[in-house]
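Heads up, the thing below is written out as structure tokens.
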């Protein structure tokens with residue numbers, strides 16, 4: 001059975017229309033969120049997020065305002081990045097030899113006064 005280009009073109013057209021609509025809806029939701037956040041008093045936001053012991057899943061606390069831009073802190077003079085990865089391939093019970101594969105890897109990079117990267 002071959003590819004019906006007429007149906008494919010129609011499906012692609014429907015896809016692009018739905019993507020355009022989804023993008024517009026997302027933009028509307030984002031604008032509504034920003035407008036709602038702008039209307040929240042900073043003291044109210046701080047009060048609502050201050051008691052994190054009652055809600056441990058709410059880690060962030062509002063100190064100034066829900067909206068704003070803040071400069072990042074200065075980076076540390078020395079730092080280390082560590083990463084690990086692993087995977088496996090299960091035993092194939094149909095092979096004449098019982099075997100499996102484990103793939104493990106790791107990396108540590110140091111930056112700063114004594115770099116090791």
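Suppose we filter the stretch 100-117 for residues that are under 30 Å from residue 77 (Cβ atoms) and loosely packed, with under 10 Cβ neighbours inside 10 Å; how many remain? Steps first, answer last, please.
Of the residues in the stretch 100-117, the ones under 30 Å from residue 77 (Cβ atoms) are 105-117.
After this cut, where a residue has to be loosely packed, with under 10 Cβ neighbours inside 10 Å as well, the list is 105-106, 113-116.
Counting residues in the stretch 100-117 that are under 30 Å from residue 77 (Cβ atoms) and loosely packed, with under 10 Cβ neighbours inside 10 Å gives 6.
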Residue that is nearest to residue 38 (Cα to Cα) [pool: residues in the stretch 51-99 that are loosely packed, with under 10 Cβ neighbours inside 10 Å and touching a residue at least 12 places away in the same chain (Cβ under 8 Å)]:
76
Checking 25, 45, 32 in turn, the sole residue that is surrounded by 10 or more Cβ atoms within 10 Å (Cβ to Cβ) and under 23 Å from residue 61 (Cβ atoms) turns out to be 45
Write out, first by first residue and then by second, each pair whose Cβ atoms fall under 9 Å of each other, whose residues are 6+ apart or on separate chains, and whose first residue, in the stretch 14-38, is within 17 Å of residue 69 (Cα to Cα) while the second is at pLDDT below 95 and part of a helix (DSSP H, G or I).
37/45
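The values are calculated or read from the model by the stated rules, or taken from the named source; none is laboratory data. All figures in this text were calculated on a predicted structure; none of them were measured in a lab. No Cβ is skipped: glycine too gets one built from the backbone with ideal geometry, and neighbour counts run over all protein chains shown.
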